[in-house]
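One structure is given here, and the rest of the page talks about it.
Derivation of every value follows stated rules applied to the coordinates shown; laboratory data play no part. Given the structure is predicted, the values throughout are model-derived calculations rather than measurements. Here Cβ is always computed from backbone atoms with ideal geometry, including for glycine, and neighbour counts include all displayed protein chains.
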Amino acid sequence: YLDKGGSIVDARLIEDDEGTYSVWVRLGDRPGEFRVNQFQNDRAKTYRDLNLAVATLRNEFGYYGNIGLQTDRRLAK
């Protein structure tokens, strides 16, 4: 998609309750939000390291805009 001139206009990282991050993006020419999946697989591409997830957006996808961060983790009381 990106190699054919497509663009990412927004990105969001969602941390699940186990501390794993998934990447969600909005594309320039398509409505809605899309989860980044593993290559040739329908499973989410996930990261245990927040810095690696951000680096992937920057270095592999060429996205340098805002990145939202959302968490489903709750601290134990």
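What 222 nm value per residue comes from the helices of the chain, counting each DSSP H run with n ≥ 4 as -39,500 (n - 2.57) and dividing by all residues, nearest 500 deg cm²/dmol?
It lands at -2000 deg cm²/dmol.
GluC sites (Glu not before Pro), restricted to the chain: which are DSSP loop and have at most 11 other Cβ atoms within 10 Å?
Glu18
If contacts are Cα pairs under 8 angstrom and at least 6 residues apart, what is the relative contact order of segment 2-71 in percent?
36 percent
Let me know the charge dipole size of segment 2-71 about its Cα centre in debye, to the nearest 20, where only the beta-carbon of Lys, Arg (+1) and Asp, Glu (-1) is charged.
220 debye
Among DSSP beta bridges lying fully in the chain, give the percent that are antiparallel, nearest 5.
70 percent
What ranking of Leu75, Leu52, Leu27 emerges when the number of other C-beta atoms within 10 Å of each C-beta is taken as an exposure proxy, fewest first?
Going from least to most buried by this count: Leu75, Leu52, Leu27.
Just checking my list (1) 14.2; (2) 13.1; (3) 12.6 against Kirkwood radius over Cα pairs in Å computed from this structure; which label fits?
It is the value labelled (2).
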